[in-house]
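*Asks:* My questions all concern the structure below.
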Amino acid sequence: MSFRSTFLGAGTYLPQRVVSNDELARRVDTSDAWIRERTGIGQRYLAAPHETCAVMAAAAARAALSSAGVDANEVDAVLLATSTPDQAFPATAVRVQAALGMTGGFAFDLSAACSGFIYALSVTDALIRSGQARTVLVIGAEVFSRLLDWQDRATCVLFGDGAGAVVMRAGPADGPGLLSTHLHSEGSTGDLLYVDGWAGRDEATGHLRMNGREIFRHAVSKLAGAVDEALAANGLAYADVDWLVPHQANKRIIDGMGRKLGLPPERVVVTVDRHANTSAASIPLAFAEAIGDGRIRPGDLVLMEALGGGLTWGSALLRL
């Protein structure tokens, strides 16, 4: 029997502390107007010391399981997309597995920077289609504040912390669910966005470094290609897309992708203004918000796309 990965529920976790642009401007040479004009960001959430990647990921996972009506011990696999694990090993995903009280299954981390959630969805789909797993928790969780150089206004204003999760389960191959995923990477561009050391739960020895101008240039062309690839693979057109749920990096990039698809702004899910760039957590955070407030409904076709350090990029098409 063949299967398709179907969506059951979503959940999120955001740290307690909200930091506005004005607050940042008191510590960095910047302003609310400067940040909003270039990025669309108005605020971000920053994790407290106790809000580790595992803590946030587990909280988002519990919310997703509750939304799906699924017990943790029904989960066969936990896939955690993160660039900010608590430790080199064990994987932060196994810490989440323990926090959920799971007595079976398996868990592991994926590192693909801001594209991590798309990569995790693709691996989830392969596990489900092959019959190796029936129910999978897919999580994106990041504590990027641990990586930031707070003297570098070009990067420190862009990022925030948070976690989002979805529950996927095997369903009929001819029903709704994940239609396809499309992954890419280009290692020769790895030095455009990277961390020059290590960051963990308790200490950081490196900081995020980014060539913003070049990242923007690559994002526009590579994301457009991934979108076209996903639609062509499924015999669909721009007009078939009901919702765009993009990686929340920059409002100008998001607006550009919406225009390419011919979608009105109200059909593009935007959270970058409130969450900033939460890397692998940004798509599940945005998706869960639009599911929770009723914008995205059963039967809708949802297009997700992301680009991140590596460079990595990809897209996914999900029919609710």
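Laboratory data are not the source of any read-out in this text; all were calculated from the coordinates shown. Quick caveat, the model's predicted, so the values are computed rather than measured. As a convention, Cβ positions derive from the backbone with ideal geometry for all residues, glycine included, and neighbour counts pool all protein chains shown.
*Asks:* Positive end of the dipole of the chain, charges at C-beta (+1 Lys, Arg; -1 Asp, Glu), about the Cα centre: which of SER31, ALA47, GLY294 has its Cα farthest in that direction?
*Replies:* GLY294
*Asks:* Sequence gap at least 6, Cα distance under 8 Å: using those rules, report the relative contact order of the stretch 188-282 to the nearest whole percent. Present the calculation step by step, with values, prior to reporting the outcome.
*Replies:* Working: 92 pairs, mean separation 19.7, N = 95.
This gives 21 percent for the stretch 188-282.
*Asks:* Using the Cα gyration tensor of the stretch 127-217, with a ≥ b ≥ c the square roots of its eigenvalues, what is the shape: rounded (a/c below 1.5), prolate (a/b larger than b/c) or oblate (neither)? Walk me through the numbers before you get to the answer.
*Replies:* On the way: a/c = 2.78, a/b = 1.94, b/c = 1.43.
Verdict is prolate for the stretch 127-217.
*Asks:* Turning to a different aspect of this structure: Using the crude model of +1 on Lys and Arg Cβ and -1 on Asp and Glu Cβ, and no other charge, please compute the dipole size for the chain relative to its Cα centre, in debye to 20.
*Replies:* About 300 debye.
*Asks:* Can you pull a Stokes-Einstein diffusion coefficient for the stretch 1-102 at 20 °C (1.002 mPa s), Rh from Kirkwood over Cα pairs, as a whole number of µm²/s? Spell out each step's value before the answer.
*Replies:* Details: Rh = 16.2 Å.
Answer, rounded: 133 µm²/s.
*Asks:* Cβ neighbours within 10 Å, averaged per peptide: list 219-226, 309-316 in order, most packed at the top. It would help to have the intermediate numbers written out before the result.
*Replies:* Working: 219-226: 18.5, 309-316: 25.4.
By packing density, highest mean first, the sequence is 309-316, 219-226.
*Asks:* The stretch 252-320: which trypsin sites (Lys or Arg not before Pro) are DSSP loop and have at most 16 other beta-carbon atoms within 10 angstrom?
*Replies:* Of the trypsin sites (Lys or Arg not before Pro), the ones in loops of the stretch 252-320 whose Cβ has at most 16 other Cβ atoms within 10 Å are ARG295.
*Asks:* Per DSSP H run of at least 4 residues, take -39500 (n - 2.57); add these up for the chain, divide by its residues and hand me the 222 nm value, nearest 500 deg cm²/dmol.
*Replies:* Dividing the helical sum by the residues of the chain leaves -9500 deg cm²/dmol.
*Asks:* Just to compare against my own numbers: the Cα pair-distance distribution for the chain, 10 Å bins, whole % per bin, please.
*Replies:* It works out to 6, 29, 37, 22, 5, 0, in whole percents.
*Asks:* Pairs of alpha-carbon atoms within less than 8 angstrom and 6+ residues apart define the contacts here; what relative contact order does the chain have, in percent?
*Replies:* Taking the mean separation of contacting Cα pairs over the length of the chain, I get 26 percent.
*Asks:* Taking the Cβ of each residue in SER122, SER188, SER282 as the centre, tally the other Cβ atoms inside 10 Å and list the residues starting with the fewest.
*Replies:* Values: SER122 23, SER188 8, SER282 30.
Placing the least packed residue first, the sequence is SER188, SER122, SER282.
*Asks:* Once you have a ≥ b ≥ c as the square roots of the Cα gyration tensor eigenvalues for the stretch 241-320, tell me rounded if a/c is under 1.5, and otherwise prolate or oblate according to whether a/b is larger than b/c.
*Replies:* The shape class here is rounded.
*Asks:* Just how far, in whole angstrom, is the stretch 269-292 from the stretch 303-320 if you go by their alpha carbon centroids?
*Replies:* If we compute the Cα centre of each part, the gap is 14 Å.
*Asks:* Right, something else. Fewest Cβ neighbours within 10 Å first, please rank THR103, THR84, THR124 accordingly.
*Replies:* Details: THR103 8, THR84 25, THR124 21.
Ordered by Cβ neighbours within 10 Å, fewest first: THR103, THR124, THR84.
*Asks:* Oh, and also: Provide ARG129, ARG146 in ascending order of the number of other Cβ atoms located within 10 Å of each residue's Cβ, fewest first.
*Replies:* ARG129, ARG146
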